[in-house]
1. With the crude spin-label approximation of a point 7 Å out along Cα→Cβ, what separation in nm comes out for Thr189 versus His172?
2. How far apart, in nm, are the 7 Å Cα→Cβ label points at Ala37 and Val154?
3. Are there any trypsin sites (Lys or Arg not before Pro) in the range 120-210 that are in a DSSP loop and have at most 14 other Cβ atoms within 10 Å? List them by number.
4. Which value, in debye to the nearest 20, describes the size of the charge dipole of the chain about its Cα centre when Lys and Arg Cβ atoms bear +1, Asp and Glu Cβ atoms bear -1, and nothing else is charged?
5. Considering only protein heavy atoms, what is the solvent-accessible area of His172 at a probe of 1.4 Å, reported in Å² to the nearest 10?
6. I need the calculated FRET efficiency for the pair Ala210 and Asp180, taking r as the beta carbon distance and R₀ as 30 Å, to the nearest 0.05.
7. Out of every Cα pair in the range 1-87, what percent are spaced more than 23 Å from each other?
8. Under the rule of at least 5 residues apart or a separate chain, name every residue whose amide H is placed under 5 Å from the amide H of Leu6.
Amino acid sequence: MNLILLGAPGAGKGTQAEVISNTLNIPQISTGNILRAAVKNGTECGLKAKSFMDAGALVPDEVVIGILKDRIAEDDCKNGFILDGFPRTVPQAEALEDMGVQIDKVIEISVPDEDIKARLGGRRVCESCGATYHIEFNPPKVEGKCDKCGGNAVQRKDDAPETVIDRLKTYHEATAPLVDFYKGKGKLTTVYGQSEVSETSKLVLEAVNA
């Protein structure tokens, strides 16, 4: 099964992609990861991408999709894959179709903006080991210190309130139109994010298997 996960930053898309990946035994494909791998491996598309990245420019959609097609042609994708973070715009979704990438289902994880602001605004990440906390829902035992390694648990720049507002604005302008795009094709299922991650996972897996 070939899946796309949609959702605003902070909606828990990455976590749910991991749950689906482990349950269905299909790979979770992040465009950032496959771009870096293609550049490192020196593939034809990777070399094209590197020329744009070295110049500080955005990698064009056709190059990204070329790298994506190379990735989904690998053996571990023969039973399906999950796209996390691509497409981000309707033109990218159309380009994906034009290049013959077949998508079976699109799962949208819907979380109100105010909940996302609370989730991300309260998130703290250990600078040393990457462990994550939340000042309200999962605080470290000692404020500002990681339970696991004693490192500093800090707010990332991405999670600062003004950055979160900007990220949500970009999502609503550029990515949210994909909801209607895939709804029009009869491929979209919306799952409403719950306060408990496990409850959201249950709903996501039900949507995948429906």
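1. A separation of 2.8 nm, rounded to one decimal place.
2. My value for the distance between the label points is 3.0 nm.
3. Lys141, Lys148, Arg156, Lys185
4. With Lys and Arg at +1 and Asp and Glu at -1, about 380 debye.
5. Probe radius 1.4 Å; accessible area of His172 about 90 Å².
6. Computed FRET efficiency for Ala210 and Asp180: 0.90.
7. The proportion of pairs with Cα distances above 23 Å equals 26 percent.
8. Ile107, Glu108, Ile109
The values are calculated or read from the model by the stated rules, or taken from the named source; none is laboratory data. Just so you know, these numbers come straight off a predicted model, no measurement behind them. Because the Cβ atoms are built from the backbone with ideal geometry, glycine has one as well, and the counts that use them run over all protein chains shown. The area values use the complete protein model at the heavy-atom level, side chains included, leaving out ligands, DNA and RNA. Shrake-Rupley method; radii C 1.70, N 1.55, O 1.52, S 1.80 Å.
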